[in-house]
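Taking it in order: structure first as structure tokens, then the write-up.
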Amino acid sequence: MYLAVSGTCYWCMEAVFSSLRGVSNVEQGFVASKQGKYVEAAFFAFDEKTVSLEDIARVHLSTHSCTSNHSAREKYPSAMYAIDKQQHAAVANAIAIAASDFDAPVMTSAKPFVAFYPNPSAVQNYFWRQPDKPFCDSKILPKLKTLAITFPRLVKPSAVQYLRETVYGAERA
């Protein structure tokens with residue numbers, strides 16, 4: 001099954017979702033829900049036997065400002081983009097379930113998927129190719145820490161190992 005998500009920068013979402021068990025073929029780029037309106041997003045495949053749609057919704061909501069109507073919300077709408085009508089109902093339900101984890105109202109919506117345009121291959125896998133970049137350290141790494149602490153059973157062993165070696169090892173030093 002395929003899905004696209006938006007809510008924060010595509011580099012952040014790409015790193016988060018590529019760290020999940022059962023998620024593959026993660027690309028960052030631009031998704032459209034309405035003709036002519038493209039926003040930063042991550043697009044990926046996932047195996048529902050390994051990671052549920054509800055888990056994906058919980059991860060998505062927990063790794064960006066899903067309750068904030070901040071000034072960049074138009075550029076970064078909090079949404080999950082369903083590939084078809086059947087998936088749209090499931091996505092809306094998953095968001096509602098995940099939203100119950102929050103005290104404030106969640107702004108995340110289920111939207112119909114129209115198109116996805118990936119960024120060039122030179123910028124794909126942004127975090128994992130260059131984790132020492134300042135943006136990666138200040139913006140993406142905190143999201144990965146949240147992911148590993150909040151959803152440890154969902155994180156791929158390679159991501160856990162990276163966090164143990166670089167983050168937790170550095171904090172102990």
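Any idea which residue in the range 68-91 is farthest from Ala148 (Cα to Cα), counting only those that are under 16 Å from the mean Cα position of the chain (by Cα) and buried (at least 16 other Cβ atoms within 10 Å of the Cβ)?
Start the filter on the range 68-91 by keeping residues that are under 16 Å from the mean Cα position of the chain (by Cα), which leaves 73, 75-82, 91.
Filter once more, keeping what is buried (at least 16 other Cβ atoms within 10 Å of the Cβ): 76-82, 91.
Details: Tyr76: 23, Pro77: 24, Ser78: 21, Ala79: 22, Met80: 21, Tyr81: 24, Ala82: 26, Val91: 23 Å.
The qualifying residue farthest from Ala148 (Cα to Cα) is Ala82.
Looking only at residues in the range 135-156 that are assigned to a helix (DSSP H, G or I) and basic (Lys, Arg), which one is surrounded by the fewest Cβ atoms within 10 Å (Cβ to Cβ)?
By that ranking, first place goes to Arg153.
Scanning the range 90-114 for residues that are among the small types (Gly, Ala, Ser) and either in contact (Cβ under 8 Å) with a residue 12 or more places away in the chain or touching a Pro at 6+ places or on another chain (Cβ under 7 Å) (or both) yields Ala90, Ala92, Ala94, Ala98, Ala99, Ala104, Ser109, Ala110. Residues in the range 34-54 that are in contact (Cβ under 8 Å) with a residue 60 or more places away in the chain, crowded, with 21+ Cβ neighbours inside 10 Å and more than 10 Å from the chain's Cα centre (by Cα): none. Restricting Ala104, Ala4, Ala98 to residues that are aliphatic (A, V, I, L, M), closer than 26 Å to Pro152 by Cβ and part of a loop (DSSP other than H, G, I, E, B) narrows the list to Ala104. In the range 48-95, of all residues being basic (Lys, Arg) and part of a loop (DSSP other than H, G, I, E, B), the one that is modelled with the highest pLDDT corresponds to Lys49.
Quick one: which of Ala148, Ala115, Ala122 is of a type in the set (Gly, Ala, Ser), at negative phi and in contact with a Leu (Cβ under 7 Å, 6 or more places away or on another chain)? None of the others qualify; the one that does is Ala148. Which pairs turn up if I take residues in the range 122-145 that are in contact (Cβ under 8 Å) with a residue 60 or more places away in the chain and aromatic (Phe, Trp, Tyr) and look for partners that are in a helix (DSSP H, G or I) and surrounded by 16 or more Cβ atoms within 10 Å (Cβ to Cβ) with beta carbon separation below 6 Å, at least 6 apart in sequence or on another chain? Final answer for the pair search is Tyr126/Trp11; Phe127/Ala15; Phe127/Cys136; Phe127/Ile140. Taking the criterion of being farther than 19 Å from Pro142 by Cα and surrounded by fewer than 23 Cβ atoms within 10 Å (Cβ to Cβ), the residues of the range 1-20 that qualify are Met1, Tyr2. Can you name the condition, by its number, that Arg129 falls short on among (1) farther than 24 Å from His70 by Cβ; (2) out of contact with any Leu (no Cβ under 9 Å at 6 or more places or on another chain); (3) modelled with pLDDT of 95 or more? Exception for Arg129: condition (3).
Out of Pro120, Pro77, one residue alone is in contact with a strand residue (DSSP E or B) (Cβ under 6 Å, 6 or more places away or on another chain), closer than 16 Å to Gln28 by Cα and not β-branched (Val, Ile, Thr). It is Pro77. Each residue in the range 106-134 was checked for being touching a Phe, Trp or Tyr at 6+ places or on another chain (Cβ under 7 Å), of a type in the set (Phe, Trp, Tyr) and surrounded by 14 or more Cβ atoms within 10 Å (Cβ to Cβ), and 4 pass. The residues of the range 12-44 that are more than 20 Å from Pro131 (Cα to Cα) and hydroxyl-bearing (Ser, Thr, Tyr), listed by number, are Ser33, Tyr38.
The values are calculated or read from the model by the stated rules, or taken from the named source; none is laboratory data. Being a predicted model, the structure only gives us computed values, none of them experimental. Please note: Cβ atoms are built from the backbone with ideal geometry, for glycine as well, and neighbour counts cover all protein chains shown.
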